[in-house]
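Everything below concerns the one structure shown next.
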Amino acid sequence: MELTVVGSVALDTVETPLGKNVEGLGGAATFFSLAAANYVPVHMVACVGQDFPDEHVSLLKSKQINLEGLEVMEGNTFRWAGRYHQDMNNRDTLDTQLNVFEQFHPKLPAAAQQAPFLFLANIHPALQLEVLEQSKATFKGLDTMNLWIESELDQLKKVLAQVDALIINDSEVELLTGERNLMKGARAIEKMGPRTVVIKKGEHGCLLVQGEQIFIVPAFLLEEVVDPTGAGDSFAGGFMGYLAQLGDTSFDSLKKAIVHGTVVASFTCEKFGPDQVAAITEQDIARRFELFKQMTAF
Ligand code: AMP
C-alpha cells in the first residue's frame, strides 16, 4: 500500500565527535522517505527554496520517491544546525531557520491524499492539522519534538487526538506527560489519542505499548556511530514502510515493524547525512534483520 509523509526537507549543518557536515541534505521527511522507499511507494509532501541543490532532488528521485507534493517556493530552504558531544544520545540545536516553512501550507496531490498510510513527520503541529484535513489515510503515525511540546501544546494535542500511533523519544515523553516512568508516560499518551505508542531510547532501543501488550527491543549494536541525525526519522520510515508493505497493523506486525525501524535507523548512523540510508537495498535490510534476530533470540 502507498504511504504519504509530510515533514521538513532541510540543509543540515551537523557536528559530531567524528567530524562536521556543512549544509548537507537533511530534514525529517527526507530521512523518512529514503528509509520507507525500501518498502513501498512514498509520496513526499514538503517545501524547499530556490537554493535547494538539484543533486538532492536527483537522489530522492533515484529511490522512486514521488515528489509531486514537494513545492519549490520563493526564498531559502529550511536550515538546521546541531552539535553532538561524546554522548551521542544528546545533541544541542545551534540554529533553526524556518525560511520557506514560514509561508508553507501543505497541499496533498490526489494520490498522496488517497494513500492508506500517512506519517506526520516533524513539522509545526498547525501544518500537521492541515494535512489531516486532506488525508484519507486509515493508519496515521506522528512524530514531534520538544520545540512543539513546549511552544504549541494545544495544537499538538489536537493532532494527537486524531492519530493511531505516536513515535516519541523518552525525554519528550516526560516533557509531554510529566511522567519520568515510561510506562506511566505511555498510558498518559494513550489517553491523549494514539492507541499505539512507540518510545525511542536512543542507543538503548525502544518500547512498543498498545494497551496491555508490550514489546521491547534493543538498538542494533554499532561499533562506530558517525552521525545519529535522522535516526529517529529513518526509524519511523522503516516502521511505517514495513506496515504499509504488509497492509496490516496487528500487534504482531507492529512488533516486526519496530525491528525494521531499528535496523534501518542503524544504517543512517553509519555516515553523515542520509547517504547510507539512501544507498541500502532490501537485501541489506534483510541481512541485518536476520542478524538482529540472532542477537536477541534466546
Ligand atoms: P532526528 O535526528 O531523527 O530527530 O531528525 C533530525 C532532522 O530533523 C534533521 O535533519 C533536521 O533538519 C530536522 N529538524 C530539526 N529541527 C526541526 C524543526 N524544528 N522542524 C522540522 N524539522 C526539524
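The values are calculated or read from the model by the stated rules, or taken from the named source; none is laboratory data. Quantities reported herein were computed from a predicted structural model and do not represent experimental measurements. All Cβ positions, glycine included, derive from the backbone under ideal geometry; neighbour counts span all protein chains shown. These area figures cover heavy atoms from the full protein model, side chains too; ligands, DNA and RNA do not enter into them. Shrake-Rupley method; radii C 1.70, N 1.55, O 1.52, S 1.80 Å.
Key figures
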read-out: Selection within region 255-275 - part of a helix (DSSP H, G or I), closer than 22 Å to Val14 by Cα and open to solvent by 20 Å² or more (accessible area, probe 1.4 Å); value: Asp275
read-out: Region 102-125 - residue that is farther than 17 Å from Ile65 by Cα and among the polar types (S, T, N, Q) and, of those, most open to solvent (accessible area, probe 1.4 Å); value: Gln103
read-out: The lone exception for Ser135 - which of (1) of a type in the set (S, T, N, Q); (2) surrounded by 20 or more Cβ atoms within 10 Å (Cβ to Cβ); (3) within 30 Å of Asn90 (Cβ to Cβ) it fails; value: (3)
read-out: Exclusive hit being in a loop (DSSP other than H, G, I, E, B), open to solvent by 10 Å² or more (accessible area, probe 1.4 Å) and more than 13 Å from Pro228 (Cα to Cα), set Asp252, Asp248, Asp284; value: Asp248
read-out: Any strands (runs of 3 or more DSSP E) falling wholly within region 1-119 and containing at least 1 residues that are in contact (Cβ under 8 Å) with a residue 40 or more places away in the chain and closer than 20 Å to Met240 by Cα; value: 3-6, 19-26, 42-49, 66-73
read-out: Members of region 1-40 found to be among the hydrophobic types (A, V, I, L, M, F, W, C) and near the ligand (Cβ under 9 Å from one of its atoms), listed by number; value: Val9, Ala10, Leu11, Val14, Leu25, Ala28, Ala29, Phe31, Phe32
read-out: Which listed residue is open to solvent by 10 Å² or more (accessible area, probe 1.4 Å), in contact with a strand residue (DSSP E or B) (Cβ under 6 Å, 6 or more places away or on another chain) and more than 12 Å from the ligand (Cβ to nearest atom), from His85, His43; value: His43
read-out: Subset of region 138-172 [buried (at least 20 other Cβ atoms within 10 Å of the Cβ), more than 13 Å from Ile189 (Cα to Cα) and away from the ligand (no atom under 16 Å from the Cβ)]; value: Phe139, Lys140
read-out: Those helices (runs of 4 or more DSSP H) lying entirely in region 150-206 with at least 3 residues in contact with an Asp or Glu (Cβ under 9 Å, 6 or more places away or on another chain) and at pLDDT 95 or above; value: 182-192
read-out: Restricting region 120-136 to residues that are within 16 Å of the ligand (Cβ to nearest atom) and part of a loop (DSSP other than H, G, I, E, B), the residue that is nearest to His43 (Cα to Cα); value: Ala121
read-out: Contacts under 8 angstrom Cβ, first residue in region 151-171 being within 14 Å of Leu182 (Cα to Cα), partner open to solvent by 60 Å² or more (accessible area, probe 1.4 Å), 6 or more apart; value: Ser171/Asn146
read-out: Subset of region 60-82 (residues that are more than 14 Å from the ligand (Cβ to nearest atom) and either open to solvent by 50 Å² or more (accessible area, probe 1.4 Å) or among the hydroxyl-bearing types (Ser, Thr, Tyr) (or both)); value: Lys61, Ser62, Gln64, Asn66, Glu68, Glu71, Val72, Glu74
